[in-house]
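Undergrad: First the structure, then my questions, so here it is.
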Amino acid sequence: MDKLQANMTYIDRNSDLGVSVSSVLSNPGIRALNIPNYTVFPGFCDVHVHFREPGFSYKETMVSGSRASARGGYTAVCTMPNLNPVPDSVENLAQQLRLIEDGACIHVYPYGAITVGEKGEELADLEGMAPNVIAFSDDGRGVQKDDMMRAAMKKAKELGKMIVAHCEVNELLRGGYIHDGEYSAAHGHRGICSESEWAQIQRDLELVEEIGCSYHVCHISTKESVDIIRKAKARGVNVTCETGPHYLVMDDSFLQEDGRFKMNPPLRSREDRDALIAGIQDGTIDMIATDHAPHSAEEKAKGLEKSAFGVVGIETAFPICYTYLVKTGIITMERLLQLLVTNPRQRFGLPLGKDFSLWDLDAAYIIDPQDFLSMGKATPFQGWKVQGKCMLTVCDGKIVYRAE
């Protein structure tokens, strides 16, 4: 057995977490690394990213977004539809599919919009798009009308597709832009109440029970959301959900007067964060998704009130989760891999194939967004010390990222 094999932490294909890498160990590019100690992980899967093409290539491109994903150990991502044009028809979707074909170095699976233009007024061409989308979502906006969501769920069920919902009640937002909590009160900011999220989750789950469709909730952030979903699962409702790394390791006490702390949903209270942690521990929360949402430096330089919503996170997700959830004993490494690999791939029907990444888990460093491959640099984790550096990512047997 050569040095590379002898020092590998091997995850066997027979494990529900793992992938056999023996078939690609003969690749000269991999052997040439000659790293004495590293860990092999199956290719991570993020079901919630924004690569901004078509329409907003000044924020991110298919090339930069997929390269950033590969650097983070991700070999499969699902791209949200708030684009220009919105993928609400076969013709509009075709533009994104061409960009994926031409520019992506990993597997990229697009969402189709639920409604035309994501405006909530008319169903998009769900049937026409169904063969080429992973699921349907109006991410960035909640579907406000009960009858529209009911119709979407019925059609999605007929097509064998999932509804993936950004849950937000517009009339409860009241111009807010951070959590309606201690920080907003102390600093004179307008807050977003928790009910704006959980009330729509509650409505949607009642519709899911009525219709029987597959349903997934995006980026949950409140303790009420966790409780509602936990109870729905106990009743046998076909629901899964995700949260982001930032909601698990930060709360509104971490806020600074800087646009890199502004995302939607916002960082909530410590009690909400504790509930989310309990949710990843007991299985209520099925997966961790980054909601990687790059913007230009100008769009994020306007403070909490006026900066665009959204932060980047696909290059920091594993190091943050490993350092602050696994090494602190909050969850095991096995549970983290379920959240990053097994559960998202199983729920969304995404194969693993030969995809994997190699990590130096002893490498310690300070997060510096100027090192990111993503065009977006706004991260709340700037300056955080983490462990875990991706050395190599392989997708479909090809090296798609290699550390310098």
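Undergrad: Which ones in segment 105-125 are in contact with a Gly (Cβ under 9 Å, 6 or more places away or on another chain), more than 18 Å from Lys155 (Cα to Cα) and open to solvent by less than 30 Å² (accessible area, probe 1.4 Å)?
TA: Once the filter is applied, which keeps residues that are in contact with a Gly (Cβ under 9 Å, 6 or more places away or on another chain), more than 18 Å from Lys155 (Cα to Cα) and open to solvent by less than 30 Å² (accessible area, probe 1.4 Å), segment 105-125 yields Ile106, Val108.
Undergrad: Say whether the condition of being at pLDDT 95 or above, among the acidic types (Asp, Glu) and either more than 20 Å from Glu242 (Cα to Cα) or touching a His at 6+ places or on another chain (Cβ under 9 Å) (or both) is met by at least one residue in segment 350-365.
TA: no
Undergrad: Here's a follow-up. Could we say that Lys389 is at pLDDT below 95, in contact with a strand residue (DSSP E or B) (Cβ under 8 Å, 6 or more places away or on another chain), not aromatic (Phe, Trp, Tyr) and not in a helix (DSSP H, G or I) here? Full working, then the answer.
TA: On the way: at pLDDT below 95: no; in contact with a strand residue (DSSP E or B) (Cβ under 8 Å, 6 or more places away or on another chain): yes; not aromatic (Phe, Trp, Tyr): yes; not in a helix (DSSP H, G or I): yes.
Criteria not met by Lys389.
Undergrad: Against the definition (modelled with pLDDT of 95 or more and among the small types (Gly, Ala, Ser)), how does Gly65 come out, yes or no?
TA: On the way: modelled with pLDDT of 95 or more: yes; among the small types (Gly, Ala, Ser): yes.
Taking the combined requirement at face value, the residue satisfies it.
Undergrad: So, one more: Taking segment 253-265 on its own, how many of its residues are crowded, with 23+ Cβ neighbours inside 10 Å and touching a Ser or Thr at 6+ places or on another chain (Cβ under 7 Å)?
TA: Adding up the residues that qualify gives 3.
Undergrad: Working only within segment 317-329, note down all residues that are open to solvent by 10 Å² or more (accessible area, probe 1.4 Å) and either touching a residue at least 40 places away in the same chain (Cβ under 8 Å) or more than 16 Å from Val249 (Cβ to Cβ) (or both). Before you say what the answer is, go through the steps one by one.
TA: At the first step, the residues of segment 317-329 found to be open to solvent by 10 Å² or more (accessible area, probe 1.4 Å) are 322-324, 326-329.
Result: Tyr322, Thr323, Tyr324, Lys327.
Undergrad: Of the residues Gly244, Gly259, Gly188, Gly181, only one is within 17 Å of the chain's Cα centre (by Cα) and within 27 Å of Lys302 (Cβ to Cβ); which?
TA: Values: Gly259 fails: within 17 Å of the chain's Cα centre (by Cα); Gly188 fails: within 17 Å of the chain's Cα centre (by Cα); Gly181 fails: within 17 Å of the chain's Cα centre (by Cα).
Going through Gly244, Gly259, Gly188, Gly181 in turn, the sole match is Gly244.
Undergrad: Give the residue, chosen from Val143, Val133, Val169, Val116, that is under 28 Å from Leu352 (Cβ atoms) and among the β-branched types (Val, Ile, Thr). Let's see the steps before the verdict.
TA: Values: Val143 fails: under 28 Å from Leu352 (Cβ atoms); Val169 fails: under 28 Å from Leu352 (Cβ atoms); Val116 fails: under 28 Å from Leu352 (Cβ atoms).
Just a single option satisfies the conditions, and that option is Val133.
Undergrad: Tell me yes or no: at least one residue of segment 74-93 is of a type in the set (Phe, Trp, Tyr) and under 23 Å from Gln387 (Cα atoms).
TA: Kept after step one, since they are of a type in the set (Phe, Trp, Tyr), are these residues of segment 74-93: 74.
Cutting the leftovers down to under 23 Å from Gln387 (Cα atoms) gives us 74.
Yes.
Undergrad: Determine which single condition Ala363 fails, assuming it passes every other condition in (1) part of a loop (DSSP other than H, G, I, E, B); (2) in contact (Cβ under 8 Å) with a residue 12 or more places away in the chain; (3) more than 30 Å from Gly160 (Cβ to Cβ).
TA: (1)
Undergrad: Only residues that are under 23 Å from Gln346 (Cβ atoms) and surrounded by fewer than 22 Cβ atoms within 10 Å (Cβ to Cβ): list them for segment 140-160, please. Outline the logic, then answer.
TA: Just the residues of segment 140-160 that are under 23 Å from Gln346 (Cβ atoms), to begin with: 153, 156-160.
Result: Lys157, Glu158, Leu159, Gly160.
The values are calculated or read from the model by the stated rules, or taken from the named source; none is laboratory data. Owing to the predicted nature of the structure, the values given are computational and were not obtained by experimental measurement. Every residue, glycine as well, gets a Cβ built from its backbone with ideal geometry; the counts of neighbours run over all protein chains shown. The accessibility values were calculated without ligands, DNA or RNA, using every heavy atom of the protein model including side chains. Shrake-Rupley method; radii C 1.70, N 1.55, O 1.52, S 1.80 Å.
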